[in-house]
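Below is one structure; the comments refer to it alone.
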Amino acid sequence: MKRSVLFLASIILCTVMAIGCCDCRKRAKLEKPLVGTEWQLVQLMARDINAAEGQYTLLFHDNGTITGAGDCNRLTATYSITPSRSMHIENLGSTRRLCPNYEQENAYYDMLERVTHYEMDADNMLLLSNGTLVAIMHAVAAQ
């Protein structure tokens, strides 16, 4: 009796673990790569950003540089990441056109310089600063 209960428990445990691992593989498969994916800002400091407010984008290159856009300015920066997904964005520069929404653009640039790590969730990249979510960026579909 004891053996059959243990056998049944081990089968259930193996099944649960197999389902869990399957879910992990599916999630990893859905993740967009950081480098080479164009990312568009959809949330900044817990505030939703719509396309009418500007096309805030980032594109991470494999040489450690970033290009992108704010409300009306182009940006460049350098970045470094680790396998544990810490991220540091530095040397941020941009063109200097006067934007109608310059306060939000400045908040976007300030947020980028405060990022300490990132997480991936399928088509979304979550940018965090010391454990606090500061922005969500969504992968832009290839055109």
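The values are calculated or read from the model by the stated rules, or taken from the named source; none is laboratory data. Small disclaimer: the values here were computed from a predicted structure and weren't measured. Backbone-built Cβ (ideal geometry, glycine too); neighbour counts: all protein chains shown.
Can you find even one residue in region 47-55 that is of a type in the set (A, V, I, L, M, F, W, C), at pLDDT 95 or above and under 22 Å from Thr132 (Cα atoms)?
No, that holds for no residue.
In region 80-109, what count of residues is obtained for those that are under 23 Å from Gly36 (Cα atoms) and free of Cβ contacts under 8 Å to residues at least 24 places away in the same chain?
Qualifying residue count, region 80-109: 8.
Please go through region 56-95 and give me each residue that is in contact with an Asp or Glu (Cβ under 8 Å, 6 or more places away or on another chain), assigned to a loop (DSSP other than H, G, I, E, B) and polar (S, T, N, Q), ordered by number.
Asn73
Determine, yes or no, whether Ile136 is more than 9 Å from the chain's Cα centre (by Cα), in a strand (DSSP E or B) and crowded, with 18+ Cβ neighbours inside 10 Å.
For Ile136, the condition - more than 9 Å from the chain's Cα centre (by Cα), in a strand (DSSP E or B) and crowded, with 18+ Cβ neighbours inside 10 Å - is not met.
Restricting to region 96-133, and then to whatever is among the small types (Gly, Ala, Ser) and not in a loop (DSSP other than H, G, I, E, B), can you tell me which residue is surrounded by the most Cβ atoms within 10 Å (Cβ to Cβ)?
Step by step, filter region 96-133, then rank; the result is Ala107.
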